[in-house]
Amino acid sequence: MKMLHRLVVPTALLLVGGTSYGSVISANKLAADAGMPFIAYSFWQMLIASAVLLPLSLLLRCPPKLGRRHLPVYGVVSTFGLLAPLLVLTFLADKLPPSVLTLMVALIAAATYLLAVSVRSESFRWLSLLGVTLGFTGVLLIILPEHSLPEEGMAVWVLVALLIPATSAVNNVFAAKLIPADVNSLTLTAGLMTLAAPLLLILMLLIDGPVALTHVGMAGVWPTLWGAAGHVITYLCFFEILRRAGPLFFAQLNYVVVAAGVLWAYIIFGQAPNNWLWGAIAVIAIGLAVMNFAKAAESRRAGQEADK
């Protein structure tokens, strides 16, 4: 019962963060359809987010810290957890349906486990390997069947989308090890997005030149505000879940992202998944469940051995 009680808040954060991140994928498509350049769109999201979070952190006396123990956290999370997935998602927003991109997010747990085993922060488990295999089988259900994607030629973009679980896995494995104990979630999120904004500004100026928030009118402004709010909520939940329950528990957020992302895509765009996509969702969900069952079994064994 004590364990269940300790997981109430992290579970609630999983639901909030997963629903929020699932909605961002649809916001990205709205911005792309409106003609907003994807790097400029990413920059304005981070600028708006940092413009809200930085004053709030100062007001609450928990500003971003810039010590030697804090900068590596911002560097890893901003590069692999925020900027890389953000740029890939926004770049592919008009090339793949939101439901397909959502499934890429579902592979983050499997990718995280593979990386964790390779750096020996997790032990090898056959059940977890089965979960990883099922996850990639789900991707194959998207790529291989003739009618699993709405248009021909999308398969190559699905392969590009695999950068999302790859970079996010690096973030999940190493962020938890680097986070100092003397900071809270607001401090970390404010520092992360304040650092990301100028980096994206440089990219925007080099590639697109100066692009105003109102470049395509309110059709671009509203998705940008939506995306900024979604990322703020998601990363506040991310850091808080890491602090309370660790990275392996956080990986379960992908269950919620898959369901929420497909639901948002259906509500906003009417993109109901076809039978192949429903099959991919089912296979990936089973794979994630197998991975978590394997981890739970290992935790129980470790607890029993500790009690002896």
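For 41, 21, 74, 266, what ranking results if the residue with the fewest other Cβ atoms within 10 Å of its Cβ goes first?
266, 74, 21, 41
Can you give me the Cα centroid spacing of region 226-284 and region 72-112 in angstrom?
What the calculation gives is 11 Å, centre to centre.
Taking the Cβ of each residue in 185, 26 as the centre, tally the other Cβ atoms inside 10 Å and list the residues starting with the fewest.
Ordered from fewest to most neighbouring Cβ atoms within 10 Å, 185, 26 come out as 185, 26.
Between rounded, prolate and oblate, where does region 171-242 land on the alpha carbon gyration tensor, with a ≥ b ≥ c its root eigenvalues, rounded for a/c under 1.5, else prolate if a/b exceeds b/c?
It comes out prolate by the Cα gyration axes.
By how many nm would the segment from residue 206 to residue 181 lengthen if fully extended, with 0.36 nm per residue of separation less the alpha-carbon distance? Intermediate results must be reported in sequence, preceding the final value.
Numbers: separation 25, 0.36 × 25 = 9.00 nm, distance 3.73 nm.
Between residue 206 and residue 181, full extension yields 5.3 nm more.
Sorted from fewest to most neighbouring beta carbons within 10 Å, what does the list 44, 264 look like?
Details: 44 27, 264 22.
In order of increasing Cβ crowding within 10 Å: 264, 44.
Each value in this text was obtained by applying a stated rule to the coordinates, not by laboratory testing. This one's a predicted model, so the numbers in the text were calculated from it and none came from an experiment. Every residue, glycine as well, gets a Cβ built from its backbone with ideal geometry; the counts of neighbours run over all protein chains shown.
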